[in-house]
Amino acid sequence: MTQPQQSQLTLVGCSHVTANLSTREALITDPDGLSRCLGNGALSKAGFQEWLVLNTCNRLEFYVVSPAAQPLDLLAGTLSSAVDMAAFRHAAYTLKGAEAARHLFRVCAGLESQMLGENEILGQVKTAYADARKHASAGKVLNRLVQKSLQAAKWARTNTGISKGQVSIGNIAAELTQRVCGDFSGISILLVGTGEVGTKTAQALISRGASQVTVTGRNVEAATAIAETLEHGNVTAFSRLRSAIANADAVISCTSAPEPVIQRELIAPLMRERLDRPLSLIDLAVPRDIASDVADLANVYLFNLDDLAALANESMQARLSEVERAKTTLHTRADRIWEELKPKLEPA
Amino acid sequence: MVCPFTHEYTLFWTSALLYVLSAGFALPSLKDGSSRPRPLYLTMLAGGFLYQSIALYMRGNELQAFPLSNPFESLQSIVWGIVGIGLVMRQIYRLNLINAFSAIVAAALTLLSLVNPVWDYAVEPSLLAGSPWIKVHVQLAMISYALFGALAITSLMYLLQDRALKGKQFSNFFHKLPSIRKLEHVNHGLLMAAFCALTLSVAIGVLNWLAQPTRVGLDKLLVACLLWGAYAITVILRRRRQLFGSRFALTCSCLFLVALLSLWPVSRPPAIEPQPQVLVVSPR
């Protein structure tokens, strides 16, 4: 008589660590088909007692409870119509038991993200968990594991520095502008130039509540096109730069001009007329768009790309220095939960 | 026998200790801008404020007047006003970290007043009695000093934020400080409110001096007028858009130090009026 096989928690997946962007982009060949497979219980019929699929731009991971010795083969057999299993196999890693639990804890805390400590992954795991509950595919093991990993992630973000500070240029520019101008809802932004970095930075400020965005540039068509993509965007002629700066609280400059387009002689008289309104200047151009002596003016705060990059590096270093401490605690918690869950793994 | 635990000095020391503890617990917030342990240091600060309120009330009862009769009482009252204003402003203006700064200032000034017992000289209660206008004058002066104290704190916060932004300092603490724009707005409001209170107080004081020139020393009047003049110049420059930003903040901070020093001449007790001599003539 064959012994019933013990179920095992297994993670099969690939991420930005094992697969580059073009590989990841092509992994899911039929997104609707994948949704259908997950929705119609194909994985359950294939022998998975529990399953959860975490599908983000940086990872495709299957957390399964199954007695199968090779869950990857089962997955391949079930999802081959929706996933490029050859590419997936090539990039896949397999973790079992406590290692799988630890990995999920680290993923939720953002320790496995491309941008260390990022918060978006928490929402993505919650979405994946919600889908698993909708499909009734999360059972005793995955329910407890996911809930505890989300709690542990919250602990890590609050009690360690893995999420502290900003590491993207747009968010850093937004924070600096907030330190100067305060609440975004009442501030007016001027975007000078049509560079991609400048546009993304303006979008970061809009996402924080900025409601007036004016775009100007020598290329009127490009400026107009950008203004149309931005919420609350409008365009003004480059010849009206002076009055546009006078009305702005924050100026983001990203042109391809070889010489500074904003000089001290332009800003100094404007500041005499707006003594109670400080001006934030974010210069994202190389070579610089804003003359460096503008920073000496009272009530004017100038930040260039070096400043933003230094801040991003500082934040990243601070996060990196917290990784080991966060990992140690997360692994301890994961191991504790795994010991609790092991007896619940049922024989097939 | 007076219970030692309810003796006013015990209450003053307790409030000072609570302010010190509050400042100690607030330091992590100032160091890294973390929002914990905000409930703890706020509780300590509120506790210190409560004890100080009771102590000042007891002192005021004893004097039958607002306790501003010597430098000790003046400092305690001003600190009490600064802490109270800070607690209110935090709610109204959402000024992060103002209570942390208030706690540090409160701890420093209350300890300073308590370790110098000679500052707490006794004044005859009868010397403080006077027309109700005197009481209004005293209370307005206290309010103005407290507002100037709060202004000095917000000005310090402005200077820190301005220096950090100019110097490209990006620690979490500076991110938690209020924005430059908000601090400029708050500073302007505090200056106007404080100056109005001081103007009314000095005006009443001048009228009182004109009515009873021997009762109030000329030096006290001059110091008060000079202080008023310094703030008046600040207000005028501000209205003429010649004083703003970090220069404005520095001016407000320095003027408060001057105001604190002016406490000694202005909080001296009024002079004792000479009693008329009675001549006894024996009948021949």
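Listing for the model above:
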read-out: Members of the stretch A:314-341 found to be within 24 Å of A:TYR63 (Cα to Cα) and either in contact with a strand residue (DSSP E or B) (Cβ under 6 Å, 6 or more places away or on another chain) or without any contact (Cβ under 8 Å) to a residue 60 or more places away in the chain (or both), listed by number; value: A:THR328, A:THR332, A:ARG336, A:GLU339
read-out: A:ASN20 in contact (Cβ under 8 Å) with a residue 40 or more places away in the chain and closer than 21 Å to A:GLU120 by Cβ; value: no
read-out: Residue under evaluation A:GLN124, criteria (1) in contact (Cβ under 8 Å) with a residue 12 or more places away in the chain; (2) under 20 Å from A:LEU9 (Cα atoms), criterion not met; value: (2)
read-out: Positions within the stretch A:3-45 being among the aliphatic types (A, V, I, L, M) and assigned to a loop (DSSP other than H, G, I, E, B), in sequence order; value: A:VAL17, A:ALA19
read-out: Looking only at the stretch B:231-254, and only at residues there that are outside any loop (DSSP other than H, G, I, E, B) and touching a helix residue (DSSP H, G or I) at 6+ places or on another chain (Cβ under 6 Å), the one that is nearest to the other protein chains (Cβ to nearest Cβ); value: B:SER246
read-out: Test for B:SER131: is it under 16 Å from the mean Cα position of the chain (by Cα), over 25 Å from B:LEU21 (Cβ atoms) and away from chain A (no Cβ under 14 Å); value: no
read-out: Scan of the stretch B:155-173 for residues that are away from chain A (no Cβ under 12 Å) and among the hydroxyl-bearing types (Ser, Thr, Tyr), ordered by number; value: B:SER155
read-out: Set B:ALA203, B:ALA146, B:ALA197: member being touching a residue at least 60 places away in the same chain (Cβ under 8 Å) and of a type outside the set (D, E, K, R); value: B:ALA146
read-out: Filter result (in contact (Cβ under 8 Å) with a residue 60 or more places away in the chain, more than 7 Å from every other protein chain (Cβ to nearest Cβ) and assigned to a helix (DSSP H, G or I)) within the stretch B:174-187; value: B:LYS176, B:LEU183, B:VAL186, B:ASN187
read-out: In the stretch A:191-220, residue modelled with the highest pLDDT [restricted to those that are in contact with a strand residue (DSSP E or B) (Cβ under 6 Å, 6 or more places away or on another chain) and closer than 21 Å to B:LYS182 by Cβ]; value: A:GLN212
read-out: Residue in the stretch A:133-168 that is farthest from A:ARG106 (Cα to Cα), counting only those that are modelled with pLDDT of 85 or more and β-branched (Val, Ile, Thr); value: A:VAL141
read-out: Residue selected from the stretch A:297-348 under the condition surrounded by 18 or more Cβ atoms within 10 Å (Cβ to Cβ) and among the hydroxyl-bearing types (Ser, Thr, Tyr), by the criterion farthest from the chain's Cα centre (by Cα); value: A:TYR301
read-out: Residue check, B:ARG268 modelled with pLDDT under 90 and either under 30 Å from B:ALA106 (Cβ atoms) or surrounded by 17 or more Cβ atoms within 10 Å (Cβ to Cβ) (or both); value: yes
read-out: Output for the stretch A:50-96, where each listed residue is among the aromatic types (Phe, Trp, Tyr) and either surrounded by fewer than 19 Cβ atoms within 10 Å (Cβ to Cβ) or outside any helix (DSSP H, G or I) (or both); value: A:TRP51, A:PHE62, A:TYR63, A:TYR93
read-out: Lone qualifier among B:ALA224, B:ALA211 - being surrounded by fewer than 16 Cβ atoms within 10 Å (Cβ to Cβ), more than 30 Å from A:GLU314 (Cβ to Cβ) and away from every other protein chain (no Cβ under 14 Å); value: B:ALA211
read-out: Residue among A:VAL213, A:VAL197, A:VAL220 that is buried (at least 21 other Cβ atoms within 10 Å of the Cβ) and more than 14 Å from chain B (Cβ to nearest Cβ); value: A:VAL213
read-out: Matching option when the condition is over 20 Å from B:SER144 (Cα atoms), without any contact (Cβ under 8 Å) to a residue 24 or more places away in the chain and over 19 Å from the mean Cα position of the chain (by Cα), among B:LEU63, B:LEU40; value: B:LEU40
read-out: Which listed residue, of B:ALA152, B:ALA141, B:ALA194, is buried (at least 23 other Cβ atoms within 10 Å of the Cβ), away from chain A (no Cβ under 13 Å) and touching a Cys at 6+ places or on another chain (Cβ under 7 Å); value: B:ALA152
read-out: Hits in the stretch A:179-190 - residues which are within 12 Å of chain B (Cβ to nearest Cβ), surrounded by fewer than 20 Cβ atoms within 10 Å (Cβ to Cβ) and of a type outside the set (A, V, I, L, M, F, W, C); value: A:ASP183, A:GLY186
read-out: Subset tally (residues that are assigned to a loop (DSSP other than H, G, I, E, B) and facing chain B (nearest Cβ under 10 Å)) for the stretch A:149-178; value: 4
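The values are calculated or read from the model by the stated rules, or taken from the named source; none is laboratory data. Since this is a predicted model, take the numbers as computed values, not measurements. Every residue, glycine among them, receives a Cβ derived from its backbone with ideal geometry; neighbour counts consider all protein chains shown.
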